[in-house]
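What follows draws every value from the coordinates through simple rules; no lab data is involved. No experiment lies behind these values; they were computed from the predicted model shown. No Cβ is skipped: glycine too gets one built from the backbone with ideal geometry, and neighbour counts run over all protein chains shown.
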Amino acid sequence: MADKTPKGMIFRVHGLDCAEEVTVLKREVGPVVGGEDNLGFDILNGRMTVAADAIATAEEVFAAVARTGMRAEPWKEGKEAGTDTGWWERNRRTVLTAASGAFLLAGVAAHAMLAGFRAAFLEESNGWPPALAVILYGLSVVAGVWSVLPKAWIAAKHLRPDMNLLMVVAVCGAVGIGQWVEAATVAFLFSLSLALEAWSVGRARRAVAALMGLTPPTARLLDPQGHEEEVPPDRVPVGARFRVRPGDRVPLDGRVVEGSGGVDQAPITGESVPVAKGPGDEVFAGTINGEGALVVESTKLASDTTLARIAHMVGEAQSRRSPSEQWVEAFARYYTPAVMIAALLVLVVPPLVFHAAWTVWLYRALVLLVIACPCALVISTPVTIVAALASAARNGVLIKGGVFVEAPARLKAVALDKTGTLTEGRMEVVEVVPLNGHTETELLERAAALEAHNTHPLARAILEYTKVCGVNVAPAEDYRILPGKGAAGRVSGTDFWVGSHRYLEERGQETPEVHEQLEALARAGRTVVVVGNDRHVCGFIALADRVRPAARQAVADLRAAGIEHVVMLTGDNRGTAEAVARDAGVDEVHAELLPADKVAKVEELVAKYGAVAMVGDGVNDAPAMGRATVGIAMGAIGTDAAIETADIALMSDDLSKLPWLVRHSRRALTVIRQNIVFALGVKTVFVVLTFVGYSSMWGAIAADTGASLLVVFNGLRLLRTDGHTVVSRNVGDVISSRPNAVPAAPGGAHGQGGQRL
């Protein structure tokens, strides 16, 4: 029995492979659970969710699903679709399709031997085939339509014709007029098209499931005495320590406590080279350790790792339908009944009005039903969307729904946050300016002594620089935080303070020369920490958040990809913002913005350009991201809030993924349009041929099946590796040292927002 959870009851539905099954389930299960709105579907994983406030019991849901010819069971986490079912359940569709094809071939052979090939297939005959051939054709028909009969019955019962009903009516009609070979051919080819559709969804499902296959089956758990034991990752609690040997995959998300080395994060983030890791750095399940052994403290359970959430979200994303999918679904809703009416008119109008032969026009009406089946059209878009989602996930881009696959293709403008997006989000000392007889060493000693107890990014940057310079630091005595201004304390028996330019002005110790120097540094994009005592200014330390090396190229690539306008939105001061904007090459910059101001600027861009993306950290920029057409979280790896907030999350801080995303979206949209045009084009041609008498039933279904095959393979092209897809590399490749982003403090000694200006 399915347990009630905050999300409702969750079921695995065997046989849920395409949008048609979703439609059937909505019709049958919807009334049982209080309406279709109480149902949610994940085709990729064969999962159906019933809302928590639904009135139905699990037994009622089981019975309703069974009436559709499918089977439901309680959802079990960690079980892939099909792994916990019997052989017949997993292979029924394939076996029935193969049986239908075998009986068809046997029937053709028997028909040719008993009646002669020319008499059976080349000369017009009004008689029935020999009895043996009829039996074999009949078995082919039964095997071919067996899986769709329950769905066709539901469609007829609800007076909502779908492609299953179209096929069953066409097959029965062909049998009724003695066209056994064509009835069997239609049944077989339709069954084959459904099997191919299930295979295509299965391939996309396996592409996503392969992500979870990156997690090793065991973790080397360490006990308090340091003894090692191999256990499954799901038995490792949060806070436990485990060892990762050189060349091993990391089994769980965690924080390094011992050891250092390069970790290949390509399976998760798509980063092209391994990333240096040491004590305090985070590592992620599925990544590959380099040449150094690591001891890692687990920070998440196996079911909640970044890798697990990526796979889960990609699976759920398929249920959020894209505009093209919604259009196809709406089109098919009206198209199928229209085809039934058209076929009825084709059957009755010529014989009644023009006294034509009933058998001829009955046959043409059946051919029309077959060729008008929207199978290829219905298949085309979901397969493409699933392939696009899986391909993006493999490239380190998490797209949270089919609706967001197409959105980047229509973007005209992109708004970028500064800190952590265009810049690395890590402050570093770029200049030390001693004044009034002090030396650089003395200035660093006093600043570091006052910052020794501070966790602010500016303080950490000064401490790191001091360490690199080999300056010995003793923490200040009588240390005091000056909220929103800086800090003060006693160093070597003398009182000193550190603070912002504004605090210097408040103290009244600023001279015109110092003021001019500080303003020049601000215009150059520097953040300044002033050091002084009660008598004078000792000097100041200039820091900067370095622009990402790939920022200028990424902005240029965005323009090359068709983005008309790139703008930077930041809460930082104008001098810093303009300096970063010049380095990055953006078109427009807006500085000193509050979150509400960013929302207003995004609204202006939306009004002017229509489709706008907001790229930020997913937390501070959440209001603006929510107002944009597409919200994109930059460098979302390890940032839970970013993944939850954004429509799309870039799982690394690689800016080149932005233009890649736009190009990928446009490729997907192109494939979708190709598939729709091709599917409708084939039908149009055969409808015309049917009216003029040059089309046959088996030819029509062969064309429809061929169209289905082509659109499936065309959609699956998006799974192919391209120049931006990360490929496997041997552990031991060149290890690059990339500084990790330092998270901004919520305030502390330097005021709200972490700004010292």
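Some values worked out for this structure:
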| read-out | value |
| --- | --- |
| Mean Cβ count within 10 Å, highest first, over the residues of peptides 138-147, 649-658, 671-680 | 649-658, 138-147, 671-680 |
| Gained length - ASP281 relative to ALA600, 0.36 nm times residue gap less alpha-carbon distance | 111.2 nm |
| Pairs from LYS608/LYS657; LYS300/LYS485; LYS76/LYS657; LYS400/LYS598 whose Cα-Cα separation, in the structure shown, is over 32 Å | LYS300/LYS485; LYS76/LYS657 |
| In the stretch 346-442, the chymotrypsin sites (Phe, Trp or Tyr not before Pro) that fall in loop regions by DSSP, at most 11 other Cβ within 10 Å | none |
| Filtered trypsin sites (Lys or Arg not before Pro), the stretch 501-593: DSSP coil and at most 15 other beta carbons within 10 Å | ARG535 |
| For VAL430, distant residues with modelled amide H under 5 Å away | ALA542, LEU543, ALA544 |
| Exposure proxy order (Cβ contacts within 10 Å, fewest to most) of MET625, MET9 | MET9, MET625 |
| Alpha-carbon centroids, the stretch 669-695 and the stretch 403-423: separation in whole Å | 36 |
| Förster-model FRET efficiency, 35 Å R0, ARG559 and GLN517, C-beta, rounded to 0.05 | 0.40 |
| Charge dipole magnitude, Cβ of K and R +1, D and E -1 - the stretch 480-586, Cα centre, debye nearest 20 | 280 |
| Rounded to whole Hz, the Karplus (6.51, -1.76, 1.60) HN-Hα couplings of the stretch 584-589, x for glycine and proline | 7, x, 6, 7, 8, 9 |
| Full-extension gain in nm, ILE481 to GLU588, via 0.36 nm per residue minus C-alpha separation | 34.8 nm |
| Theoretical gain in end-to-end length, THR441 to THR218 [0.36 nm per residue, Cα-Cα removed] | 75.2 nm |
| Rounded FRET efficiency, nearest 0.05, which uses the C-beta distance separating LEU114 from TRP358 and R0 of 22 Å | 0.15 |
